[in-house]
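**Student:** Here it is, the structure, as structure tokens.
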Amino acid sequence: MPALKPRILVVEDEPAQREVLIYNLESGGFDVVRAETGDEALLLVDEERPDIVILDWMLPGVSGIEICRRLRLRSSTRNVPIIMMSAKSEEVDRVRGLETGADDYVVKPFSIAEMIARVRTQLRRTRPATVGHHLEFRDIVLDPETYRVTRAGALLKLGPTEFRLLSTFMERPGRVWSREQLLDIVWGREVYVDTRTVDVHIGRLRKALCKKGGDDPVRTVRGAGYALG
Ligand code: CA
């Protein structure tokens, strides 16, 4: 099972620009999904559930601005960070890009280092564990870089699946996750796993978290799923 690799959807029609960007993002430890058109991008966001979208403004067919607007209207993608890239450098374009709902706007040509820095800035806000940030919830601390979890200072033993479940919970304390959502995020969409498997691993996670004392922080929400706290 891979580590907590963030998934990026790159939407760019120009092959050379697209491949250079993808090559560098993959070298930087990101899992990259590519789309060449806006229509393809709209299909892939549902299939691949990227953590962030890098979107070219000028695309054949549906423009980047229109894609951005549509992603903001869908509940499933409303909160996914979008970095818009464009050769347009006018202030008015930048403002228009951000007004449409993009979180950031990068003018071509840009340096790869700058793009990666901007991607990390967005992920720090939405998926902090994927960029190596400590997560804390009450007396529980999770370090995604060393794979260590402690509770009240005591080191806990968690399997890889329980670790991913816990990091998902800790990124959004209080949020209720359905079994299907947890399957998508923790196991991935290509893997066929029964939703009851989620219950089994939640049971293991609870046991591991309470092994050295403390209350069970995982809440079962009847008919909905699970939440932390
Ligand atoms: Ca283009």
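**Student:** If the requirement is being part of a strand (DSSP E or B) and open to solvent by 40 Å² or more (accessible area, probe 1.4 Å), which of these qualifies: 155, 142?
**Tutor:** 155
**Student:** All but one of (1) more than 16 Å from the ligand (Cβ to nearest atom); (2) of a type in the set (A, V, I, L, M); (3) under 25 Å from residue 89 (Cβ atoms) hold for residue 43; state the number of the condition that does not hold.
**Tutor:** If we test residue 43 against (1) more than 16 Å from the ligand (Cβ to nearest atom); (2) of a type in the set (A, V, I, L, M); (3) under 25 Å from residue 89 (Cβ atoms), just (3) comes out false.
**Student:** I need every pair where a residue in the range 57-86 that is among the charged types (D, E, K, R) has its Cβ under 7 Å from the Cβ of a residue that is open to solvent by less than 70 Å² (accessible area, probe 1.4 Å) and part of a loop (DSSP other than H, G, I, E, B), sequence separation at least 6 or different chains.
**Tutor:** From residues that are among the charged types (D, E, K, R), the pairs are 69/100; 69/101; 72/101.
**Student:** Residue by residue through the range 112-139, note down the ones that are assigned to a loop (DSSP other than H, G, I, E, B) and under 13 Å from residue 167 (Cα atoms).
**Tutor:** 127, 132, 133, 134
**Student:** Out of (1) in contact with an Asp or Glu (Cβ under 6 Å, 6 or more places away or on another chain); (2) surrounded by fewer than 15 Cβ atoms within 10 Å (Cβ to Cβ); (3) touching a residue at least 24 places away in the same chain (Cβ under 8 Å), the odd one out for residue 134 is which?
**Tutor:** Against the list (1) in contact with an Asp or Glu (Cβ under 6 Å, 6 or more places away or on another chain); (2) surrounded by fewer than 15 Cβ atoms within 10 Å (Cβ to Cβ); (3) touching a residue at least 24 places away in the same chain (Cβ under 8 Å), residue 134 comes up short only on (3).
**Student:** Can you tell me which of (1) open to solvent by less than 70 Å² (accessible area, probe 1.4 Å); (2) within 16 Å of the ligand (Cβ to nearest atom); (3) over 17 Å from the mean Cα position of the chain (by Cα); (4) farther than 29 Å from residue 187 by Cβ is the one residue 115 doesn't meet?
**Tutor:** (3)
**Student:** Additional query: Just for the range 214-229: of the residues that are within 19 Å of residue 154 (Cβ to Cβ), touching a strand residue (DSSP E or B) at 6+ places or on another chain (Cβ under 8 Å) and not β-branched (Val, Ile, Thr), which one is surrounded by the fewest Cβ atoms within 10 Å (Cβ to Cβ)?
**Tutor:** Among them, the one singled out is 214.
**Student:** Just to be sure I understand, how many residues within the range 1-49 are in a loop (DSSP other than H, G, I, E, B) and either in contact with an Asp or Glu (Cβ under 8 Å, 6 or more places away or on another chain) or open to solvent by 20 Å² or more (accessible area, probe 1.4 Å) (or both)?
**Tutor:** Qualifying residue count, the range 1-49: 14.
**Student:** Which one is surrounded by the most Cβ atoms within 10 Å (Cβ to Cβ) among residues in the range 94-111 that are without any contact (Cβ under 8 Å) to a residue 24 or more places away in the chain and in a helix (DSSP H, G or I)?
**Tutor:** If we take residues in the range 94-111 being without any contact (Cβ under 8 Å) to a residue 24 or more places away in the chain and in a helix (DSSP H, G or I), then 94 is surrounded by the most Cβ atoms within 10 Å (Cβ to Cβ).
**Student:** Considering only residues that are within 15 Å of the ligand (Cβ to nearest atom), touching a helix residue (DSSP H, G or I) at 6+ places or on another chain (Cβ under 8 Å) and in a loop (DSSP other than H, G, I, E, B), which ones fall in the range 61-87?
**Tutor:** Result: 61, 62, 63.
**Student:** Condition first: among the β-branched types (Val, Ile, Thr), within 16 Å of the ligand (Cβ to nearest atom) and in contact (Cβ under 8 Å) with a residue 24 or more places away in the chain. Now tell me which residues in the range 21-40 satisfy that.
**Tutor:** Hit for the range 21-40 is 37, nothing else.
**Student:** Hey, another quick one. Of a type in the set (A, V, I, L, M, F, W, C) and either surrounded by fewer than 17 Cβ atoms within 10 Å (Cβ to Cβ) or touching a Pro at 6+ places or on another chain (Cβ under 7 Å) (or both): which single residue out of 52, 65 fits that description?
**Tutor:** One residue alone meets the criteria, 52.
**Student:** For residue 29, state whether it is over 19 Å from the mean Cα position of the chain (by Cα) and not aliphatic (A, V, I, L, M).
**Tutor:** Judged against the criteria, residue 29 is not a match.
The values are calculated or read from the model by the stated rules, or taken from the named source; none is laboratory data. Treat the numbers as computed from the prediction; the structure is a model and nothing was measured. Cβ: placed from backbone, ideal geometry, glycine included. Neighbour counts: every protein chain shown. Only protein heavy atoms, including side chains, enter the accessible area calculation; ligands, DNA and RNA are left aside. Shrake-Rupley method; radii C 1.70, N 1.55, O 1.52, S 1.80 Å.
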